[in-house]
Amino acid sequence: MPKLASRVVERPIADSRPETFFQIGFSGFVDAANYAAFERTLEEVFRRGGRFAVVDFSALNYINSTGISALIRFFGEYKERGGLLCLAGVPRPVGLSMHLLGVTSLVPFHKDVEAARRHFEDLLEGRVALGVEGEWAAYSPSRLTVPSPSQSPRGGTVSSPPQHQGGTAAPEGSVVRQKVPVRKPRTDLSSARVLLLHPSKSRFSRILSLRFHRFDGRFHHLHDIKEALDRYDELNPDLVVVDERMDPKGEFVTRLKINKARSLTSVIKIYEKATDVEKELDFKIWENDYLVDPFEALELFSLSEAELTRVPRDREVFQQQVHFEFRSTQPNLEKANKLSDLIIRQSIDNEEDQTALFAAAKEAIDNAMVHGNRRDQELTIDVNFLVDHHKVTVIVEDQGKGFDFEYYLSRIDSREAFEKARRRILEGGQRGGLGILLMHKCCNRLEYSGAGNIVRLEKNLGR
């Protein structure tokens, strides 16, 4: 499932002034699954009482229209407080949808957080007035898309920050109207291959077909999963958009992702309602992303273009990625270990290295269930395999409270680590105690993060 992470830091605006601003960093996706967390973070920061805040989107992959509306709402609330909310580091794919909606004529955009801080300082010093004084031009259509005819798809216009031809701000009260350009496909999508799996021809599928044909690549619309699998090598898609009704048990996604030659194909799944996603989660091999109906077509188009841009880059680096999640039951644990073994054997030729990594991965997954989630069947375990040309990476995350991993990691590098562990078991009656040491010995890298509920294993490929 796409995740959203946030980080809030309070910083001084200037050494000579006591006033501070909040830097709110987000990474991941602001979509239907994560919007509540996004809004909650903004609300919590606003309640802390500051007048200035910058939302750092430099690590954000996507934001939907609901998230954009929240930004506009909080921009207004900060303005009523006599302050300012602005954005920083907005990636071009994210900034484009906001520009098309007219957000760049309202909320200041800055290159980075430092530029936003200087803007706040200028406001306090009276060098500028409250308004859209940020680097909005960085998100103008000519920067974000290939230049195209000035007429918008519907012949309409949007307001832009008033400008003279020389680039300076126009007199207050004047209005400059700017045509929205037609969004032409980027050159890196000219050979994109898209497969749409939808149960029938409908208005929705026709809209998608028209849109995907604009990529100037190869587009196929099929109505049968078996035909899609039979013709998969012929079609060789970079992106598959699949309706959940065509793949209710996730068998199509599973067959793609566990096949090393096909696993890097991006899959976007469309669910009829949020409960469909939740009920699936007993043991699930995840698609790359999903949307829950109803959603805006712009969300799907933006997400599709982002995926089609990402896939060629990933194929240069990675050979396989499999992301699965399961509830903490014994049958699911066994299924997870079997799947891990399959992935490892596809990725590593040397039998000894296969055995070592499987032992480490199994230990990590077992620990997540027994020690992390304490076999609570309502809690899940998230496993991500990444295979590149040099190594296999396994990331295991549980929903437990974590543990003092730094203490244990500090003890595994000594020569006597095993002997000390052995004595603790024999003399102290300690149960276990060798798991971390085993993973350390079986891998080239062992790393914990979070509260200790996330473990990362890396095994170098001997070729």
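The values are calculated or read from the model by the stated rules, or taken from the named source; none is laboratory data. A quick note: this is a predicted structure, and the numbers were derived from the prediction, not measured. Here Cβ is always computed from backbone atoms with ideal geometry, including for glycine, and neighbour counts include all displayed protein chains. Accessible surface is based on the protein model in full, side chains and every heavy atom, while ligands, DNA and RNA are left aside. Shrake-Rupley method; radii C 1.70, N 1.55, O 1.52, S 1.80 Å.
Quick notes on this structure:
- Of residues in region 1-42 being among the acidic types (D, E) and touching a residue at least 12 places away in the same chain (Cβ under 8 Å), the one most open to solvent (accessible area, probe 1.4 Å): E10
- Residue within region 80-103 that is in contact with a helix residue (DSSP H, G or I) (Cβ under 7 Å, 6 or more places away or on another chain), open to solvent by 10 Å² or more (accessible area, probe 1.4 Å), among the charged types (D, E, K, R) and modelled with pLDDT under 85 present: yes
- Filter result for A59 (free of Cβ contacts under 8 Å to residues at least 12 places away in the same chain and either open to solvent by 10 Å² or more (accessible area, probe 1.4 Å) or closer than 30 Å to E397 by Cα (or both)): no
- Among (1) modelled with pLDDT of 95 or more; (2) loosely packed, with under 15 Cβ neighbours inside 10 Å, the one test that E378 misses: (1)
- Residue within region 34-42 that is modelled with pLDDT under 85, outside any strand (DSSP E or B) and either aliphatic (A, V, I, L, M) or in contact with a helix residue (DSSP H, G or I) (Cβ under 8 Å, 6 or more places away or on another chain) (or both) present: yes
- Candidates are the residues of region 104-113 that are more than 22 Å from the chain's Cα centre (by Cα) and farther than 27 Å from G49 by Cβ; the one that is modelled with the highest pLDDT is T104.
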